Amino acid sequence: MKATSRRNFLSSVAQSALTVSLLPAFGAGIENQLVGEGKLRVAIMGLGSYANRVAEAMLDCKRAVLTGLISGSPEKVKTWQSKYGIPDKNCYDYGNFDAIRSNPDIDAVYIITPNALHKEQTLRVARAGKHVICEKPMSVNAAEAEEMVAACKKAGVKLLIGYRMHVEAKTLEVIRLRKSGAFGKIVFFQGLSGFKIGDPTQWRLNKSLAGGGAMMDIGIYSVNGSRYMVGEEPIWVTAQETKTDPVKFKPGVDETIIFQMGFPSGAVASCLSTYNANHLDKFFLSGDKGFAEMQPSTGYGPIMGKTHLGTLDFAHRTHQTVQMDEMADVILDNKKLEVPLDGEEGLKDMKIIDAIYRSVASGKKEFIS
Ligand code: NAD
């Protein structure tokens, strides 16, 4: 069944009250037809807001298919089983998911839970012998990220991070132009990443679950983007924090951080990470022969951009659909991507974020080890 016809089929099934009671058995049948050779069979862990977006997008994937669920909420599992046709035997909770080891319907687990849970969950999935796809930030610091990379290596499984921009067409075109020399020598990058966060009780504002504040959640896009836009690894950072609402943004939860980075070639970056302003989703790259400007630069799209040569003109494709198909190629065929999205890439970002927090605390230039 083609992805689009499967989407139509599943939606007509979901709309029919008559068929609801048939779904568990019927769902298993759907998967048995679909889970054929050559597809990456993925279980999603954590059925929250972003997981919903990923699962919807996967309906249009050619190589990745949702075959399992891991959740602490039996109600959510039931709803997802009906929507996506997942059989009971492929559903787990946080207590029993180690048993995924003996489930031949699942090749990889996509961890989409609060940041501070990623490390332990990655280690458990790796021990169960399944590939790990983990959301950004991959962990709450570089030491944890190193542990995750080592654990996956030891277990002989791949570790990929949900860096959807690494496979986005306009982003890749800017990278291609930069590599071709179209911008000349790169001298400057600006990254603006932020939004105004709402509900003060959400896990994103709880240090023990988020690991930090805006930097972990949204500032990471400027950190990561600086590396693929400039095409170098930064060697130092300086950073300054401001806080307008210390009640909402408790100690250890950053509201706004302005940071600067220096690269080996002499290029510099100036970035902003905030939970206190909307309309901040912009990258600017300047070289001695040209420039690239992207706004929005990392949102769900369409990404918009131009260079000194003209508008970046590529059709928008749902980022998560492209990401999951590319990840299937990486896991199943060892495909090498132009911009890798593996654990080592995630670790590089965590080292920079560690240095940014160190610099906020010390007030000094901090070097990235
Ligand atoms: P969310 O709150 O909507 O979902 C989190 C899920 O984790 C919920 O289903 C929740 O029930 C579950 N969970 C399991 N254990 C939990 C616990 N102890 N405390 C709280 N929740 C628990 O959050 P989200 O927006 O889906 O974000 C999840 C992850 O995805 C984060 O790491 C975030 O950074 C990442 N994310 C990535 C993107 C992207 O574009 N790549 C976008 C949004 C979120």
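No value in this document is a laboratory result; all are computed from the given coordinates. Small disclaimer: the values here were computed from a predicted structure and weren't measured. Every residue, glycine as well, gets a Cβ built from its backbone with ideal geometry; the counts of neighbours run over all protein chains shown.
In degrees, nearest 10, range 0 to 90: what is the angle between the Cα axis of helix 142-155 and the longest Cα principal axis of the chain? Computed tilt is about 40 degrees. Pairwise Cα distances in the chain exceed 37 Å in 21 percent of cases.
Within region 281-350, the GluC sites (Glu not before Pro) that combine a DSSP coil assignment with at most 15 other C-beta atoms in a 10 angstrom radius are E338. Counted without the sites themselves, the longest stretch of the chain free of trypsin sites (Lys or Arg not before Pro) in a DSSP loop having at most 12 other beta carbon atoms within 10 Å is 3-184. Per-residue ellipticity at 222 nm from helix content only, as computed over the chain with -39500 (n - 2.57) for each DSSP H run of at least four residues, stands at -11000 deg cm²/dmol.
Once you list every other residue whose beta carbon is under 14 Å from the beta carbon of V253, what net charge do they have if Lys and Arg are +1 and Asp and Glu are -1? Let's see the in-between values first.
Values: positive: R204, K207, K243, K248, K250; negative: D199, D217, E241, D245, D254, E255.
Local net charge: -1.
For K289, the lysines whose Cα falls under 19 Å of its own Cα, not counting residues fewer than eight places away in the same chain, are K179, K185, K306. By the gyration tensor of its Cα atoms, with a ≥ b ≥ c the square roots of the eigenvalues, what is the shape of region 138-284: rounded for a/c under 1.5, prolate for a/b over b/c, or oblate? Oblate, because a/c is 1.5 or more while a/b does not exceed b/c. Taking 0.36 nm per residue of sequence separation and removing the Cα-Cα distance, the N52/R176 pair yields an extension gain of 41.4 nm.
Relative to the longest principal Cα axis of the chain, at what angle does helix 118-127 sit, 0 to 90 degrees, rounded to 10? Between the helix axis and the principal axis of the chain, the angle is about 50 degrees. In terms of its Cα atoms, region 66-178 spans 49, 32, 25 Å along the principal axes, sorted from long to short. Between S297, S193, S73, the Gaussian network model of the chain with springs among Cα atoms under 10 angstrom shows the greatest mean-square fluctuation at S73.
Largest mean-square fluctuation among G219, G198, G262, in a Gaussian network model of the chain whose springs join Cα atoms under 10 Å apart, belongs to G198.
For region 208-293, what's the relative contact order in percent, using C-alpha pairs closer than 8 Å and at least 6 residues apart?
Values: 122 pairs, mean separation 26.0, N = 86.
30 percent.
When only Cα pairs below 8 angstrom with a gap of at least 6 residues are kept, the chain shows a relative contact order of 18 percent. Counting only DSSP beta bridges with both residues in the chain, the antiparallel share comes to about 55 percent.
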